[in-house]
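Beneath this line is the structure, given in C-alpha cells, with notes to follow.
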Amino acid sequence: MLAGGVGSRFWPASTPGRPKQLLSLASDEPLIVDTVNRALGLVPEERIRILASDRLTELILEVLPSLGREAFMVEPQARGTAPVLAWAAWEIAKIDPAAVIVSLHADHIIKPITAYLQLLRDAADLAQETGRLFAVSVPPNRPETGYGYIEPGERLDAPAGVQAFTVAAFHEKPDTETARRYVTEGHFWNSGIFVWTAAAFLGEVRKVAPEIGDLLPLIDDESSEAFFAQVPSATVDVAVLERSARVASVTATFDWDDVGSWEDLTRSREADASGNVVVGLGHVVEGESNVIYTEGSTVVTFGVNGLVVVQSGDITLVSTTERAPDLKRLLEQLPASVREPTTPGGTD
C-alpha cells in the first residue's frame, strides 16, 4: 500500500503534517482507513504492508494503531514508486517468490467493495497463471486530464465477467483535446492498482530497469538505506511498465476515483438538490454547486454559486470550483508560515 505524498490540492486541510490520505474525503474515516478496510477483504492484517516515510508512519499509526509497526516498510529516502515497489517485492520474494502482490494507493475511492475484491482475486489468479504484470484499467466517463491512460492491445482469456487484454501503450496525463481523443478511441484510465507475483515483477525490473534491478542485492549485502541512497528516482509506470512486453490489464467492474482536488468531492460525497456538498458544520443558503469543508467552525454561504470554502485550523480558503485544482500555484505564492500552519491540519 503506497502511502506517500501530501496532496497539496487539498490545502489547507492537507499539509506535510497531515497528508491527504489522513483526511475523511470519502466517508467519516480517513482515506487510508477505508483502503485498509477494503484490503482486509483480501488478506489478514498481518499480510498488509504500508510503504511510507518515517514521518508518515507515525501519523498513520495514530489512525490505524492495530496494524503495529511490523506492517510498515519505512522508506529511507523518497525515490518514487519503482524503487519502493522493487524493494517490497525483494523482501516478499524471500518469504515466497510466487506470492501475489497487490499494489494499492492509500487515497483512492472505490465502490462497491464486493466487485472490487472479486476483480482483484481474478487478477491474482491471472497473474499466477500467466506471469504477466497486471494493471487495473478503468472505463472513462469523462475526458479527464488528471489521469494517465492505458491503450488496450489484444484480448486475453479470462474468467467469466472479466475483461483482460495486453497493454499496447501507457500514456501520460494529457491535455483536454488529447483526453477527448483517448476517450473516443477506447482508451482506459490507469488506476495505479497493480497485481503481479513477486518473481515476475523482479524479473521484469532486472530485465527492463537494470538501473534499479542491479542495485537490489545491496539490500542484503549492505542495507535498504544503501539501496535507496544509490537508486535513481523513477515511477513504476515509466521505469518498468512502459518498457515491459509482459504488461496486461483487467478492466474495473467497480467505480473508482482518485479524488484530486476539492471540487472532486462532488463525486465522492452526496450533494443536496442544488448540487452543494457540505462536510462538517456548513450551511448553504440560496446557492448552487458549492463545496464546503469545515473542521470545527461553522461556515455559512448566502447567495453564491460554484465556490469552494475550506476551514481548517486557523485558515479559511475561499476559491471557485474552477480554480480549486490549481492550488499548487497558490501555495507557491504563500509564505511558509501560512502554507504550513502550526494549528490542527498543519505540522506540529
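Values for this structure:
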{"quantity": "Those GluC sites (Glu not before Pro) in segment 137-198 that DSSP places in a loop and that have at most 16 other beta carbons within 10 Å", "calculated": "Glu172, Glu185"}
{"quantity": "Share of alpha-carbon pairs per 10 Å distance bin for segment 190-260, given as whole %", "calculated": "17, 42, 28, 12, 1"}
{"quantity": "Backbone HN-Hα couplings from phi across segment 290-307 [Karplus 6.51/-1.76/1.60, Hz, Gly and Pro as x]", "calculated": "9, 10, 10, 9, 9, 10, x, 6, 7, 10, 10, 10, 9, x, 10, 10, x, 9"}
{"quantity": "Cut-off under 5 Å, modelled amide H: who pairs with His105 long-range", "calculated": "Leu2"}
{"quantity": "Contour excess over end-to-end distance, with Cα ends at Asp175 and Gln77 and 0.36 nm allotted per residue", "calculated": "32.1 nm"}
{"quantity": "Order of Val138, Val63, Val318 under a 10 Å beta carbon neighbour criterion, fewest first", "calculated": "Val318, Val63, Val138"}
{"quantity": "Backbone N within segment 74-110 under 18 Å of label point (7 Å from Glu29 Cα along the Cβ vector)", "calculated": "104-110"}
{"quantity": "The chain: DSSP helices with Cα axial extent of at least 20 Å and average Kyte-Doolittle hydropathy no lower than 0.0", "calculated": "81-95, 113-130"}
{"quantity": "Relative contact order of the chain, defined on C-alpha pairs under 8 angstrom at six or more residues apart (%)", "calculated": "21"}
{"quantity": "Whichever lysines have a C-alpha closer than 26 Å to that of Lys94, once near sequence neighbours (fewer than 8 apart) are set aside", "calculated": "Lys207"}
{"quantity": "Burial ordering of Asp255, Asp96, fewest other beta-carbon atoms within 10 Å first", "calculated": "Asp96, Asp255"}
{"quantity": "Percent breakdown of C-alpha pair distances by 10 Å bin, ordered from the shortest bin, for the chain", "calculated": "5, 23, 32, 26, 11, 2, 0"}
{"quantity": "Stretchable slack from Glu286 to Asn37, in nm (0.36 nm times residue separation minus alpha-carbon distance)", "calculated": "85.8 nm"}
{"quantity": "Separation between Cα centres of segment 73-91 and segment 167-183, rounded to whole Å", "calculated": "28"}
{"quantity": "Nonlocal amide H pairs with Val167, under 5 Å, H built at 1.01 Å", "calculated": "Gly153, Val247, Ala248, Ser249"}
{"quantity": "Measure of compaction for segment 4-119 (Cα Rg per 2.2 N^0.38 Å)", "calculated": "1.07"}
{"quantity": "Segment 109-250 - convex hull of the alpha-carbon atoms, volume per residue in Å³", "calculated": "131"}
{"quantity": "Built amide H within the under 5 Å cut-off of Trp189, gap 5+", "calculated": "Val138, Ile150"}
{"quantity": "Projected label distance in nm at Lys94 and Glu45, using a 7 Å step from Cα toward the beta-carbon", "calculated": "2.4"}
{"quantity": "Share antiparallel - DSSP beta bridges, segment 206-348, percent rounded to 5", "calculated": "35"}
{"quantity": "Residues His187, His105, His171, sorted so that the one with the fewest Cβ neighbours within 10 Å comes first", "calculated": "His171, His105, His187"}
{"quantity": "Centroid-to-centroid separation of segment 33-57 and segment 318-339 [C-alpha atoms, Å]", "calculated": "31"}
{"quantity": "Euclidean distance of C-alpha centroids, segment 97-156 and segment 265-297, integer Å", "calculated": "32"}
{"quantity": "Estimated Rh, segment 262-339: Kirkwood, alpha-carbon pairs, angstrom", "calculated": "12.8"}
{"quantity": "Antiparallel DSSP beta bridges within the chain, as percent of all bridges there, nearest 5", "calculated": "60"}
{"quantity": "19 Å Cα-Cα reach of Lys111 towards aspartates and glutamates, excluding residues that sit fewer than 8 places from it in its own chain", "calculated": "Asp28, Glu29, Asp34, Asp122, Asp255, Asp257, Asp258, Asp264, Glu270"}
{"quantity": "Additional length obtainable on full extension of the chain from Arg206 to Ala115, 0.36 nm per residue less Cα span", "calculated": "29.4 nm"}
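Read-outs throughout are calculated quantities, based only on the coordinates presented, and are distinct from any laboratory measurement. A quick note: this is a predicted structure, and the numbers were derived from the prediction, not measured. Positions of Cβ are backbone-derived with ideal geometry, glycine not excepted, and every protein chain shown enters the neighbour counts.
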